[in-house]
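Have a look at the structure below before the remarks.
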Amino acid sequence: MNPVIRTKNLAKSYGKTPVLRNIDLTVQAGEFTAVMGPSGSGKSTLMNVISTIDRFTGGEVWLEEQSLLQLGKSELRRFRQEKMGFIFQDYNLLDTLTVKENILLPLSLRRCPAEEMEARLEPIVRALNIRDILDRYPSEISGGQKQRTACARAIITKPAVVFADEPTGALDSRSATQLLEELVNLNGTFGTTILMVTHDIYAASYCKRVIFLRDGAVVNELYSGEMSQRDFYDRILETQSIMGGKVR
Ligand SMILES: Nc1ncnc2c1ncn2[C@@H]1O[C@H](COP(=O)(O)OP(=O)(O)OP(=O)(O)O)[C@@H](O)[C@H]1O
Ligand SMILES: [Mg+2]
């Protein structure tokens, strides 16, 4: 099976300051991976350079075997729109559009036929349990509902990978749990590959794999394998304490 994401010697500096160092990372289709590490360790930067939001300064990145270095600016934009979905901590929903319009926006921008939009929407609405809020505006729904809307928008294009930077960061623990369960569900139901930055061990324990960053380098990695979520939580906690310091 071809990996969805592959990086080789990936590096990023701001001026002379290195922020990512020699990162070799492979993410297979269907993986749900967390990226953890202290504040400033380069988690968001890693996510941003892989997802073409920011430029890397060394090494190489392949997405579904396409080298990002070989794409020009407009090709990169198209590639990003077609292959990637994004979920941000602050939702990034448009206030003047309804929930349904927000979700369908990436498809309307591509002039996707209305019938196809409805057909794609249906299973996602079911999976995320958002039927009742489709006609509401973002100001009329809760934070958890906003994040589920953002999730739906991220996967409506059937992206190769969904990038989520601290998606539970602004949610209370109940909404966070619900969102994580829904990400697991999307990963299981649609095989969506998800890369999620989090500082929260509880959130990471929902993933199948956790990568630990420190000072811009990958310093450890765990797979949940056959472990229960509870045991995986303990392993992540233990790994983090062996690494020293608090994550974030
Ligand atoms: N535009 C920028 N210019 C200069 N330095 C930057 C820029 N963006 C990030 N950095 C630096 O790069 C390092 C990594 O930042 P990054 O945002 O990736 O960390 P992070 O692991 O996501 O942290 P947090 O948990 O606080 O979100 C930090 O030292 C940060 O100050
Ligand atoms: Mg960050």
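The values are calculated or read from the model by the stated rules, or taken from the named source; none is laboratory data. In this text, all values refer to a predicted model and were calculated from it rather than measured experimentally. Glycine also receives a Cβ, built like all others from the backbone with ideal geometry; neighbour counts cover every protein chain displayed. When the accessible area is computed, the model is the full protein with side chains, heavy atoms only, and any ligands, DNA or RNA have been set aside. Shrake-Rupley method; radii C 1.70, N 1.55, O 1.52, S 1.80 Å.
Out of everything in the stretch 67-117 that is within 22 Å of D24 (Cβ to Cβ) and more than 19 Å from the chain's Cα centre (by Cα), what residue ends up being surrounded by the most Cβ atoms within 10 Å (Cβ to Cβ)? Within the stretch 67-117, the match that is surrounded by the most Cβ atoms within 10 Å (Cβ to Cβ) is L71.
Across the stretch 11-41, the qualifying residues are those that are within 12 Å of ligand 1 (Cβ to nearest atom) and free of Cβ contacts under 8 Å to residues at least 24 places away in the same chain, and the one among them that is nearest to R214 (Cα to Cα) is G40. Do we find that L195 is among the hydrophobic types (A, V, I, L, M, F, W, C), closer than 21 Å to Q240 by Cα and surrounded by 21 or more Cβ atoms within 10 Å (Cβ to Cβ) in this structure? Judged against the criteria, L195 is a match. The condition of being open to solvent by less than 50 Å² (accessible area, probe 1.4 Å), within 16 Å of ligand 2 (Cβ to nearest atom) and of a type outside the set (V, I, T) holds for only one of A164, A127, that being A164. The condition of being among the polar types (S, T, N, Q), touching a residue at least 12 places away in the same chain (Cβ under 8 Å) and open to solvent by 40 Å² or more (accessible area, probe 1.4 Å) holds for S44. Flag: K8 does not match the condition of being part of a strand (DSSP E or B), within 23 Å of F79 (Cα to Cα) and in contact (Cβ under 8 Å) with a residue 60 or more places away in the chain.
Of the residues in the stretch 49-59, at least one is within 16 Å of ligand 2 (Cβ to nearest atom) and surrounded by fewer than 20 Cβ atoms within 10 Å (Cβ to Cβ). Taking (1) basic (K, R); (2) more than 16 Å from ligand 2 (Cβ to nearest atom); (3) open to solvent by 60 Å² or more (accessible area, probe 1.4 Å) in turn, R214 satisfies each apart from (2). A single member of G37, G58 is among the small types (G, A, S) and either within 16 Å of the chain's Cα centre (by Cα) or at pLDDT below 95 (or both), and it is G37. Name every residue in the stretch 1-48 that is within 16 Å of ligand 2 (Cβ to nearest atom) and in contact with an Asp or Glu (Cβ under 6 Å, 6 or more places away or on another chain), in order of residue number. Across the stretch 1-48, the qualifying residues are S44, M47, N48.
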